[in-house]
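Just so it is clear, none of the values below were taken in a lab; they were calculated from the coordinates. On a predicted model such as this, the values are computed, not experimentally measured, just so you know. We place every Cβ from the backbone using ideal geometry, glycine too, and count neighbours over all the protein chains shown.
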């Protein structure tokens with residue numbers, strides 16, 4: 001009886017053994033890499049970027065990162081119990097829409113949490129590596145891809161490929177903190193099969209390059225290298241602080257009978273006051289003597305009690321149960 005020899009893989013569960021040190025150790029002797037993950041955190045790239053930075057893209061030394069299309073758990077549950085089964089083929093319009101949606105999700109990553117100097121430097125290095133073609137990022141859109149595979153290629157005739165296969169996404173938690181289950185793959189035949197599988201996914205028709213979108217997202221965020229003018233920061237603050245005032249100006253209109261009796265600033269004040277009255281049930285109007293506070297408060301209260309349709313017809317809601325008044 002012939003017995004085939006095989007090696008027992010190492011297990012990386014981020015408890016007894018962490019995946020991140022093993023990846024870094026292999027990257028030191030590798031000259032290119034193919035990563036396939038279900039989720040990619042932009043700030044998590046700084047854990048590996050220094051090893052890719054030494055590669056030369058001109059010699060094909062780069063990291064190709066394939067990110068699967070993730071869906072929220074409630075979306076998966078809803079589809080699983082749906083009576084309508086969606087087996088239709090993807091089309092160009094849907095693919096472009098999904099690409100824009102997922103690119104926006106990458107952009108929204110940068111709005112979460114408090115920025116740090118380390119995060120800022122890491123994001124800038126990622127943008128620089130993408131521009132230098134040392135890193136290429138694609139989205140796999142054909143179907144939700146949940147695989148986690150790290151393939152590292154090295155100039156070794158005996159073992160040219162080292163693989164890590166398991167559950168860790170390319171995030172700080174996935175590589176070193178939360179409990180995971182990964183194994184290393186050293187068998188030559190197994191690594192060749194994984195490399196062919198990875199190549200097939202990378203060259204799939206519905207695998208779309210978002211490298212430029214990621215660079216644009218970083219350059220338009222707080223991690224951008226160009227300093228944001230203070231005046232632009234002031235405008236952004238003013239925009240958000242005036243959100244409710246702008247809502248009042250667009251939601252309410254002054255009855256025609258009163259329109260000609262108010263100055264422009266009084267008209268704006270009444271609309272904003274009506275917005276606060278409608279949302280909170282009360283508002284405080286303050287101004288210097290003689291500018292019409294009594295008139296503005298009276299008209300704001302009048303609007304609060306009535307729903308105006310068009311410019312003339314009014315429907316009185318004071319007797320409706322869903323709008324409480326002092327009498328009710």
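Summary of values
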| item | result |
| --- | --- |
| Separation of alpha-carbon centers, the range 107-153 and the range 162-180, rounded to whole Å | 15 |
| Computed over the range 163-230, the ratio Rg/Rh where both radii use C-alpha atoms and Rh is Kirkwood | 1.15 |
| Dimensionless Rg/Rh of the range 110-180 - Kirkwood Rh, Rg from C-alpha atoms | 1.02 |
| Computed FRET value (nearest 0.05) for residue 131 with residue 16, which takes r as the C-beta separation and R₀ as 41 Å | 0.55 |
| Descending Cα extents along the principal axes, the range 148-276, whole Å | 90, 34, 31 |
| Least to most buried among 265, 40 (fewest other Cβ within 10 Å first) | 265, 40 |
| Computed over the range 11-226, Kirkwood Rh from alpha-carbon pairs, angstrom | 18.2 |
